[in-house]
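All remarks here apply to the structure that follows.
The values are calculated or read from the model by the stated rules, or taken from the named source; none is laboratory data. Bear in mind that the values here come from a model prediction, so they are computed numbers and not experimental data. Backbone-built Cβ (ideal geometry, glycine too); neighbour counts: all protein chains shown. For the accessible areas, the whole protein counts, side chains as well, though only heavy atoms, and no ligand, DNA or RNA atoms are used. Shrake-Rupley method; radii C 1.70, N 1.55, O 1.52, S 1.80 Å.
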Amino acid sequence: MSQKTILVIDDDPLVRRTIERILHKKGYRVYLAADGSQGLQAFQHLRPDLVITDIVMPLTDGLETIRSLRTWVPDARIIAISGGNRSSKGDLLAQALSLGAGAVIAKPFAPDELLFKVSQNLQGGLAATRQ
Amino acid sequence: LHSQKLEALGTLAGGVAHDLNNTLVPILSLSKLALEDLSEDDPLHADIVTIVSASERARDLVKRILAFSRKQDVQKTRIDPAAVVRQALQMLRVTLPSHIAFIERVGDVPSIFADAGQLQQVVVNLVTNAAQAIGAAVHASITVELSALAAAPGAANRPSNLVRLRVADTGCGMEKAVLDRIFEPFFTTKAVGEGTGLGLSVVHGIVTGHGGSIEVKNKRGKGTVFTILLPVAEAAAGAAATASALDAAA
């Protein structure tokens, strides 16, 4: 079976490094992007099996990123992650689900939770799930 | 002015909580990952278990801050508040000190549109606060009532559109200076280490986040009564529809 590829988009370098470490340990090939626009460019080149994107990011945020990914590739596999809403009211993870994320995860998370949802989404389970 | 102050504190708390959650990702995840590679005999194992416990405690604290700031991701569904309140009381009954009489008057009420976990937290926080106000006092009681708010006089056939949760204690009550600040996050009259000062601010955040209101009546030396009003599901849906219509018209 070929190695699955995952694109991680998060503006926080410590979070990126952590997710990379967790996924790499389980044998996934991981690519990193520091914001939504970098992530969208990387997606076009790499066509990863799964995208994990943060939501609150400068310039192109995660919701905009999910919208663009869904327009380009309607069945793209996406997991949204968030540490909560910094500036306005509303449930960002619920918005991510409604835009087509296959799963959402609230930060901080345990490695098992991340790996479970990654595996579930890569197996083609696009049904929306949240913790 | 008071509600503006709470709103400003909520915005600040939401920002801090967001950044703390990000900071906790490497601490919690990488310490758990490191544990996978360490046997329990390893001298580092216990240290890393301590880091995991501390980061989980910090994560729970952030959750409470987010509940106050109303920026937590909530899952509102149509729920039976009586069932949720009874469940919370069942848990509280076994944890309350035995010298406090616990009086429960939970009636059947219309369903509300709410996050069940958050409603439970409101009950737990208010009852815990009441027990702390009572302390070691004898002949003390806490009364929890849930009822549909009676229709206004003259509107005999009008259905109630509010659910009322009332938590009354016979504790020490509060001075006005304390009463004015009880919903502020991190405001506490307890000694350092005995309380976070978040319990009532979380209650305030949850109740207002559900479109409800909260009132406190207090008599120094006699006790305190918290009364919470929450809209029933139909009323909440009607208010949301009106708000959407107004937004669309704007």
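Computed quantities for the displayed model
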{"read-out": "Between region B:20-43 and region A:1-36, the Cα center-to-center distance that results, in Å", "value": "18"}
{"read-out": "Efficiency of FRET from Cβ geometry, B:SER98 and B:LYS219, R₀ 30 Å, rounded to 0.05", "value": "0.75"}
{"read-out": "Kirkwood hydrodynamic radius over Cα pairs of chain A, then Stokes diffusion coefficient at 4 °C and 1.567 mPa s, in µm²/s", "value": "90"}
{"read-out": "Residues of chain A: accessible area per residue with a 1.4 Å probe, Å²", "value": "44"}
{"read-out": "Total accessible surface hidden between B and A, rounded to 100 Å², 1.4 Å probe", "value": "2300"}
{"read-out": "Spin-label pair A:ARG29/B:ASP180, simplified geometry with 7 Å Cα→Cβ offset, distance in nm", "value": "6.6"}
{"read-out": "FRET efficiency, B:LEU38 to A:THR5 (Cβ-Cβ, R0 45 Å, nearest 0.05)", "value": "0.90"}
{"read-out": "P(r), alpha carbons of region B:194-234 - 5 Å bins starting at zero, rounded %", "value": "6, 19, 22, 20, 19, 8, 4, 1, 0"}
{"read-out": "Alpha-carbon Debye profile of region A:8-66, log10 I(q)/I(0) at 0.13, 0.22, 0.30 Å⁻¹", "value": "-0.29, -0.81, -1.29"}
{"read-out": "Efficiency of FRET between B:THR227 and A:LEU59 - r from beta-carbon atoms, R0 41 angstrom, step 0.05", "value": "0.30"}
{"read-out": "Simple label model, 7 Å out from Cα along Cβ direction - A:THR71 to B:HIS45, nm", "value": "5.4"}
{"read-out": "Distance in nm between pseudo-label sites at A:LEU46 and A:SER119 (7 Å out along the Cβ direction from Cα)", "value": "2.2"}
{"read-out": "Sequence-distant aspartates and glutamates (8 or more away, or on other chains) whose Cα lies within less than 14 Å of A:LYS26", "value": "A:ASP112, A:GLU113, B:GLU36, B:ASP37"}
